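Notes follow the structure.
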Amino acid sequence: MRANRSDFLEQAKQAFAQLQQQSTGELDQRKQAVEALVKPLRESLDKVDGKIGEIEKARASAYGALGEQLKSLNAAQLQLQTEASRLSTALRSTTYAGSWGELQLRRVVEMADMLPYCDFAEQESSGGLRADLAIRLPGGQRIVVDAKAPLESYRAAGEAAEGSARSERLQEHAQKVRGHIDALGAKNYWEQFQPAPEFVVLFLPGDHFLTAALQSDPTLMDRALAKRVLLATPTTLIALLKAAAYGWRQESVSKNAEEISSLGRQLYDRVVIFADNLAKMGGGLEAAVKGYNAAVGSFEQTLLPGARRFAELGAKGAKDLETPPAVESGVRAVVKKG
């Protein structure tokens, strides 16, 4: 039994060794097969990780650039708010508001083709009164324009909330416009400028300024006309200036017609003088023709017979003696019809 046990144990060890060796080989094969299956997946995952890393880097860079742009935008917005506040403060000033009105006025005049050097003169003053624009018209007349209309109340109404505050500001705007109309009427531009203008134009640099004033006080237009003040916006002033430009064009056409008439008279006088000189020259030519024909007759009657006698006596030269032809064409007289 002891010997059988030893053989059994030896055979078991050998069997287990073979089984272990066989299992190890199969395990290696399975490991290699699994690695062969997993390798493409691992490579794909590595590529995905690389792409994710690149995307993360790009995202970080984009977020950084976006952050910088947001900072710049914030700084620009703060600067814009500051400049807008300054502009709003400046527009509330009467001086800057007047300058803006004068700028709008000049723009309107340029759009109407009424250039400063030919049709209008800016900043004219006479008798201590300052007009923003004095437009020259044909015949020496003028249109006086004032662009210093008060607009601060209208801007305050735009900033006010809806309700009584806004209505009060608009009423104040209408009152200031009415006061400016009275001030322009009291200046009496038509007495200061010579020749006297028929009216003075109060220029409002926007249609909404006039509309708001008329809505609050519908009598402003009648009051202005009674004071010989004409309320004008860019639209109406352009129409007025276009009419003035048309008058200047008609004046130019009239001057050109007079100049053409004068040149025509001068040309007619010169043609008459030329016709007289031509007639005198024709008379001279006719006298020359008559003298030539008389000389030819004298030559034929007195000189030619003696010369031919020389030829008969053998004293003939190399050429034959020919009789000069007489001029039969007469000179055409210059006919002057009244």
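The values are calculated or read from the model by the stated rules, or taken from the named source; none is laboratory data. Everything numeric in this text was worked out from a predicted model, so none of it was measured. Note that each Cβ is placed from the backbone with ideal geometry, even for glycine, and that neighbours are counted across all protein chains shown.
Annotations for the structure displayed:
- Test result for Gln77, over 30 Å from Arg155 (Cβ atoms) and either in a helix (DSSP H, G or I) or in contact with a Phe, Trp or Tyr (Cβ under 9 Å, 6 or more places away or on another chain) (or both): no
- Top-ranked residue in the stretch 227-240 [being in contact with a Gly (Cβ under 8 Å, 6 or more places away or on another chain) and outside any loop (DSSP other than H, G, I, E, B); ranked as surrounded by the fewest Cβ atoms within 10 Å (Cβ to Cβ)]: Pro234
- Condition met for Phe299 (part of a helix (DSSP H, G or I) and modelled with pLDDT under 80): yes
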